[in-house]
Amino acid sequence: MTVESTAARQPRRSAGTKSTAGKRTTAKKSPGTDPELVQLLTPEGKRVKNAEFDKYVAGITPEELRGLYRDMVLTRRFDAEATSLQRQGELGLWASLLGQEAAQIGSGRATREDDYVFPTYREHGVAWCRGVDPANLLGMFRGVNNGGWDPNSNNFQLYTIVIGSQTLHATGYAMGIAKDGADSAVIAYFGDGASSQGDVAESFTFSAVYNAPVVFFCQNNQWAISEPTEKQTRVPLYQRAQGFGFPGIRVDGNDVLACLAVTKWALERARSGEGPTLVEAYTYRMGAHTTSDDPTRYRHDEERQAWEAKDPILRLRAYLEASNHADEGFFAELETESEALGKRVREAVRAMPDPDHFAIFENVYADGHALVDEERAQFAAYQASFADVEGA
């Protein structure tokens, strides 16, 4: 499997299924045509100057550029393997990040070790940047654990399935570290669909009033499942920050350098006591919302094909080649590494042990609870009844 290919990942329309995508007439604006969009690499991989944000990537080395490319390629390969595992019945569900690699890797690499990250359920690239083993991301989707990693080991919170609630958690944590006087920041990830949730609005209010050191990083992939962004808002999402009294900025979410630079800027603001920032990474979900979704029912193939031409991985590769920062040996070696990663993840998932039936009773209360003890005992008796039947 070629790691840069997206064609093999596209969902196919079932025979006899009539697409409803034609009902939608509003055109999407492409990156590069929006004067409000921060961009450092064009879709063709050409470096463009930006007086405000160039300084945040001015010292980046060829080795670091290759590192960003490697991050995106390996993240996509892991994501492809997870999708395949779900199709093979090894996972219950999977939320792909296909097309959003630059937004996640650029912002993830902008964080410091002491920063704290609150993800939703699609931040596989950010998890990679925080040092979480990719295989550990899959336990929850296989149904063998409730997360798979210790959040405090990587300052990376567990995946959040409840839409938008992690922004409140992030705001509260940021308010706490501000009171402690810590020299660190918090970043909360969410999507364009979550931006319509009340939890997000409440987070904006509290963070602004308390000047919390938090960056709200919205990956606007333009589709909240089957609902386009323009059916949720009359203004670009980043402009919502104005009503709460803090800055908002829109960045080309398929440009890893721009995402790196803008997130560094926003995190520096937070650490220096200047309060929250809303970053809208304008990107595109190339695949389905999750593996239970069929995007051919609500969007045009032409739209997806237009965004494939702005592929974040191909964009950086074009820049690396044009700048003589990478040769064919590098790309070939990376291809081998990516296949090894896919194999390791596949084997790790299939070797995951069944969960402990009594794990659901752990960590419900900090100091234990009589009702939980009673429920545990009832469940133990229920489980024992099966053993009695088998032994009869």
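Tabulated data for the structure shown
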{"item": "The stretch 16-45: number of residues that are surrounded by 12 or more Cβ atoms within 10 Å (Cβ to Cβ), among the polar types (S, T, N, Q) and either over 21 Å from LEU278 (Cβ atoms) or at pLDDT below 50 (or both)", "result": "4"}
{"item": "Unique residue being more than 24 Å from the chain's Cα centre (by Cα), at pLDDT 50 or above and open to solvent by less than 50 Å² (accessible area, probe 1.4 Å) when the list is VAL73, VAL57, VAL48", "result": "VAL48"}
{"item": "Test: TYR159 is over 18 Å from ASN220 (Cα atoms), under 11 Å from the mean Cα position of the chain (by Cα) and part of a loop (DSSP other than H, G, I, E, B)", "result": "yes"}
{"item": "Checklist (1) in contact (Cβ under 8 Å) with a residue 40 or more places away in the chain; (2) assigned to a loop (DSSP other than H, G, I, E, B) applied to LEU85, failing item", "result": "(2)"}
{"item": "Those residues of the stretch 169-194 which are more than 23 Å from CYS259 (Cα to Cα) and assigned to a strand (DSSP E or B), in sequence order", "result": "none"}
{"item": "Inter-residue pairs, beta-carbon under 7 Å, first open to solvent by less than 80 Å² (accessible area, probe 1.4 Å) and in the stretch 322-351, second β-branched (Val, Ile, Thr), 6+ apart", "result": "LEU334/VAL73; GLU335/VAL3; SER338/VAL3; SER338/VAL73"}
{"item": "From ALA281, ALA261, ALA288, residue being open to solvent by less than 30 Å² (accessible area, probe 1.4 Å), closer than 30 Å to ALA178 by Cα, of a type in the set (A, V, I, L, M) and outside any helix (DSSP H, G or I)", "result": "ALA281"}
{"item": "Unmet requirement for GLU280, which otherwise passes all of (1) of a type in the set (Asp, Glu); (2) modelled with pLDDT of 95 or more; (3) out of contact with any Lys or Arg (no Cβ under 9 Å at 6 or more places or on another chain)", "result": "(3)"}
{"item": "Residue in the stretch 104-118 that is closer than 19 Å to ARG350 by Cα, modelled with pLDDT of 95 or more and open to solvent by 20 Å² or more (accessible area, probe 1.4 Å) present", "result": "no"}
{"item": "For TRP94: the one exception among (1) of a type in the set (Phe, Trp, Tyr); (2) in a loop (DSSP other than H, G, I, E, B); (3) under 22 Å from ASP150 (Cβ atoms)", "result": "(3)"}
{"item": "Count of residues meeting criterion [closer than 14 Å to ILE187 by Cα and in a loop (DSSP other than H, G, I, E, B)] in the stretch 264-278", "result": "2"}
{"item": "Subset of the stretch 203-228 [open to solvent by 10 Å² or more (accessible area, probe 1.4 Å) and part of a strand (DSSP E or B)]", "result": "ALA224, GLU227"}
{"item": "Residue selected from the stretch 288-333 under the condition among the β-branched types (Val, Ile, Thr) and touching a helix residue (DSSP H, G or I) at 6+ places or on another chain (Cβ under 8 Å), by the criterion modelled with the lowest pLDDT", "result": "THR296"}
{"item": "Residue selected from the stretch 352-378 under the condition closer than 26 Å to LEU91 by Cα and of a type in the set (A, V, I, L, M, F, W, C), by the criterion surrounded by the most Cβ atoms within 10 Å (Cβ to Cβ)", "result": "PHE361"}
{"item": "Residue in the stretch 170-179 that is modelled with pLDDT of 95 or more, among the hydroxyl-bearing types (Ser, Thr, Tyr), closer than 29 Å to ASN152 by Cα and out of contact with any helix residue (DSSP H, G or I) (no Cβ under 9 Å at 6 or more places or on another chain) present", "result": "yes"}
{"item": "Some residue of the stretch 120-133 being in contact with a Leu (Cβ under 9 Å, 6 or more places away or on another chain), open to solvent by 10 Å² or more (accessible area, probe 1.4 Å) and not in a loop (DSSP other than H, G, I, E, B)", "result": "yes"}
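The values are calculated or read from the model by the stated rules, or taken from the named source; none is laboratory data. Just so it is clear, the structure is predicted and the values come from calculations on it, not from any experiment. All Cβ positions, glycine included, derive from the backbone under ideal geometry; neighbour counts span all protein chains shown. The area values use the complete protein model at the heavy-atom level, side chains included, leaving out ligands, DNA and RNA. Shrake-Rupley method; radii C 1.70, N 1.55, O 1.52, S 1.80 Å.
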